[in-house]
Amino acid sequence: MGLVVRLRRGEGIIDAAIRECEEEIGIKPMNLRWSGLLEFWNYEDDEVESVHFVHVFITDSFDGSQWKPRRLSRYGSISTDPLPRDVGR
């Protein structure tokens, strides 16, 4: 699952990722670890129009008791069942 994370003034990237997970989908990742950086180049008329960087994080545990897919519903049908505690194991 991916979320767009916007940094607030004085906020670190990991804190921002945790906050966005809580705000957007109602779960709190625990032991969040930075895993990599993806770089995307957008071209228009054979010229670089923009460059975007995506930080990738992984976790093996989370507090899913508040699972509320509020904003994700605009992307189609998703389950609103509670997340299982053993995801990724």
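The values are calculated or read from the model by the stated rules, or taken from the named source; none is laboratory data. Keep in mind the model is a prediction, meaning the values are calculated, not measured. Methodologically, a virtual Cβ is constructed for each residue, glycine included, from the backbone with ideal geometry; neighbour enumeration extends over all protein chains shown.
Of the residues Ile27, Ile13, which is free of Cβ contacts under 8 Å to residues at least 60 places away in the same chain, within 16 Å of the chain's Cα centre (by Cα) and within 17 Å of Asp63 (Cβ to Cβ)?
Details: Ile13 fails: within 17 Å of Asp63 (Cβ to Cβ).
Within the list Ile27, Ile13, the selection yields Ile27.
Have a look at Gly26, Gly64, Gly36 and point out the one that is small (Gly, Ala, Ser) and modelled with pLDDT of 85 or more.
Within the list Gly26, Gly64, Gly36, the selection yields Gly36.
Provide a single number: the residues in segment 28-49 that are in contact with a Phe, Trp or Tyr (Cβ under 8 Å, 6 or more places away or on another chain) and not acidic (Asp, Glu). Lay out the reasoning, then the answer.
Let us first name the residues in segment 28-49 that are in contact with a Phe, Trp or Tyr (Cβ under 8 Å, 6 or more places away or on another chain), namely 28-30, 32-35, 37-40, 48-49.
With the extra rule that they be not acidic (Asp, Glu), the set shrinks to 28-30, 32-35, 37-38, 40, 48.
Matching residues across segment 28-49 total 11.
Would you check which residues across segment 50-59 are part of a strand (DSSP E or B) and either surrounded by 10 or more Cβ atoms within 10 Å (Cβ to Cβ) or of a type in the set (S, T, N, Q) (or both) and list them? Quick ask: steps written out before the conclusion?
Here is the first cut: in segment 50-59, the ones part of a strand (DSSP E or B) are 50-58.
Ser50, Val54, His55, Val56, Phe57, Ile58, listed by residue number.
Need the failing condition index for Asp81 against (1) modelled with pLDDT of 90 or more; (2) in a loop (DSSP other than H, G, I, E, B); (3) among the acidic types (Asp, Glu), just the number.
Of everything listed in (1) modelled with pLDDT of 90 or more; (2) in a loop (DSSP other than H, G, I, E, B); (3) among the acidic types (Asp, Glu), Asp81 misses just condition (1).
Anything in segment 13-40 that is surrounded by 10 or more Cβ atoms within 10 Å (Cβ to Cβ) and assigned to a loop (DSSP other than H, G, I, E, B)? List them, or say none.
At the first step, the residues of segment 13-40 found to be surrounded by 10 or more Cβ atoms within 10 Å (Cβ to Cβ) are 13-30, 32-35.
Listed by number, the residues that qualify are Gly26, Ile27, Leu32.
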